[in-house]
Amino acid sequence: MAGTLSFETLKTQVTDGTIDTVLVCGVDMQGRLMGKRFHAVNFVETSHAETHCCNYLLATDLEMATPPGYKSTGWQSGYGDYVMQPDLSTLRPVPWLDGTVMVLCDLMDHDTHQPVPHSPRAILKKQIARLAELGFEAQMATELEFFLFEHSLDHIRKSGFRDLTPISGYNEDYHIFQTTKEEGIMRPLRNHLFAAGIPVENTKGEAEAGQEELNIRYSPALDCADHHTIAKNAVKEIAWQQGHAASFLPKWHPDRVGSSSHVHQSLWADGKPAFVDAEDALGMSVVMKHYMAGLIAFAPDYTYFLAPYVNSYKRFAKGTFAPTKTVWSVDNRTAGFRLCGAGTKGVRVECRIGGSDLNPYLAQAGMLAAGIKGIEDKMDLAPPTRGDVYEDAKAGDIPQTLRAATETLRNSSFLRAAFGDDVVDHYTRAAEWEQEEFDRAVTDWEIARGFERA
Ligand code: ADP
């Protein structure tokens, strides 16, 4: 892909002094880039082969705590190492940082050098391989929604997260004038990502004050997840460079619209779209119908991977475009799944359930596994829903709380078969821990409600 770097070019750039720093990054359970900054000379001489990280990186939370209860690691085993193995096909410039390039790594077992089964990249690669056995390749696109704020992250943190003024004063959905005022952040974002080999399509204002959307052209599933992860990091870094905060928290204010990450998906075979059938009324192939039937039937099972925190579930509110129903519709934004590009060769399904906090590797893996099951079992697709799906009493619900999604995940025999028991147990523990931490907290809401009047 244009914009990525060959190892030979990097060596030349290091020799001529253009590049001095290599970010060597893994992806953690939360979908964050985690790693080290190498001196470029060291990287090209030795560490391009491998480096190491503490294995707690796949058993921690947003706070970097060391929760008990993981089989893979813990104090009992002394928190050993994983091998970080650079995937040199992901080597790319980081144009928003001076003299810097980046590479993504696969996390491998320290002794066997086999992929760590619960590492997000390995989980997605496994489903991509299963799909390849059926003769298909998945093309995916994840939309990134986020909020920009007037002040910097450091200022906001020091204010106890009180001074939260969005960068714009009004709903800026599709607005050109308001988004022109934000070009100090958004123009470098588009151009730097593009120069880093990430095929940016566009950015636009979204349906709330300060809310933005970044669209990246669809790519094979693993590339799509890599693009999403790097782009999310870039949004935060470039906003920070300009003295502003960017947040991917799905719901930062009870009265404001939340942020999503819709996922567009289509299957291809031999380089041709496998979802297309010109003879069908909506242009959908039989394979597409089976895939969508699986996607919809198993949505409750993989909801945790679309909504991994307590806050994620605050986004699912009626009349906000955040869907909660496991039904599909033709170009209707209130259903969990929307048919896009009906009757064209770009026909695809968009899952609208995921929040801006999803880990794209895990979300895509869950959806691919569900689609694969639909194809394998030749599952039947129900007819599309019409009208306001929020009012459709017959439509199935996805889990409405983290607690409910955790139980669905724990008891999912479908995901246990697709991902492996150890992987499902690992993420069930992550989900439990998140809830336990929340249950320990005494929230502002409780104090304001009960301090005087209880
Ligand atoms: P929307 O109106 O939902 O924003 P767009 O036309 O902007 O729809 O497309 C949204 C995303 O869908 C884009 O990122 C685009 O690259 C992606 N997309 C287009 N065609 C396909 C396809 N065949 N498979 C997967 N994603 C696709």
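Bear in mind these aren't lab numbers, they're just calculated from the coordinates by the rules spelled out. The shown structure was predicted, so the numbers you read here are calculated from the model rather than taken from an experiment. Cβ: placed from backbone, ideal geometry, glycine included. Neighbour counts: every protein chain shown.
One chain, two ends: L153 and F414. Fully extended at 0.36 nm per residue, the span grows by 89.9 nm beyond their Cα-Cα distance. Near the amide H of D397, within less than 5 Å, lie the amide hydrogens of T326, all on another chain or at least 5 residues away, with H placed in the peptide plane.
Peptides 402-411, 258-267, ordered by how many other C-beta atoms sit within 10 Å of their residues on average, highest first, read 258-267, 402-411. Listed peptides 363-372, 48-57, 439-448, 284-293 appear in the order 363-372, 284-293, 48-57, 439-448 once ranked by packing, highest mean of other Cβ atoms within 10 Å at the front.
Rounded to the nearest 20 debye, the dipole magnitude of the stretch 304-368 is 160 debye, with +1 charges on Lys and Arg beta carbons, -1 on Asp and Glu beta carbons, and the Cα centre as origin. Label separation (R403 vs A448): 2.3 nm, computed from points 7 Å beyond Cα along the C-beta direction. In straight-distance terms, cross-link reach from K126 covers every one of the lysines whose alpha-carbon lies under 20 Å from its own, apart from those fewer than eight places away in the same chain; here that gives K373.
Label-to-label distance for V310 and Q242 is 3.3 nm, based on points extended 7 Å past Cα in the beta-carbon direction. A straight Cα-to-Cα reach below 19 Å connects K11 with the aspartates and glutamates D20, E45, E50, D87, D98, residues fewer than 8 places away in its own chain not being considered.
Within the chain, no helix built from a complete DSSP H run reaches 24 Å or longer along its own axis (Cα positions) while carrying a mean Kyte-Doolittle hydropathy of 1.6 or higher. Segment Q76..E133, full-extension length gain: 16.6 nm, with 0.36 nm per residue of separation and the alpha-carbon distance subtracted. Take 162-173, 419-430, 228-239 and order them by the average number of nearby Cβ atoms within 10 Å per residue, most first; the result is 228-239, 419-430, 162-173.
Taking a point 7 Å from the Cα of K345 along the Cα-to-Cβ direction, the residues of the stretch 282-322 with backbone N closer than 16 Å to it are 283-285.
Ignoring lysines fewer than eight residues from K236 along the same chain, the ones with Cα atoms less than 27 angstrom from its Cα are K36, K125, K158, K181, K204, K251, K314. Would you please classify the overall shape of the stretch 298-391 from the alpha carbon gyration tensor, given that a ≥ b ≥ c denote the square roots of the eigenvalues, rounded means a/c under 1.5, and beyond that prolate means a/b larger than b/c while oblate covers the rest? Verdict is oblate for the stretch 298-391.
Among beta bridges from DSSP that stay inside the chain, the antiparallel ones total about 85%.
Normalising the average separation of contacting C-alpha pairs (under 8 angstrom, six or more residues apart) by the number of residues puts the relative contact order of the stretch 247-362 at 35 percent. Placing pseudo-labels 7 Å out from each Cα toward the beta carbon at D439 and T112 gives an inter-label distance of 3.3 nm. Of the residues S47, S312, the one with the fewest other Cβ atoms within 10 Å heads the list, and the complete ranking is S47, S312.
A cut-off of 5 Å between modelled amide H atoms, ignoring neighbours fewer than 5 places along the same chain, links T165 with E150, H151. Computed about the Cα centre, the dipole magnitude for the stretch 7-113 is approximately 160 debye when only Lys and Arg (+1) and Asp and Glu (-1) carry charge, each at its Cβ. Amide H contacts of H52 (H built 1.01 Å from N, in plane; Pro and chain starts excluded): M84 sit under 5 Å, all sequence-distant by 5 or more or on other chains.
Simple point charges give the picture: +1 on the Cβ of Lys and Arg, -1 on the Cβ of Asp and Glu, and for the chain a dipole about the Cα centre of about 520 debye. Is the chain rounded, prolate or oblate when judged by the Cα gyration tensor, a ≥ b ≥ c being the square roots of its eigenvalues, rounded requiring a/c under 1.5 and prolate requiring a/b larger than b/c? Judged from the Cα gyration tensor, the chain comes out rounded (a/c under 1.5). Counting only C-alpha contacts under 8 Å and six or more residues apart, can you give the relative contact order of the chain as a whole percent? Reported as a whole number, the value is 15 percent.
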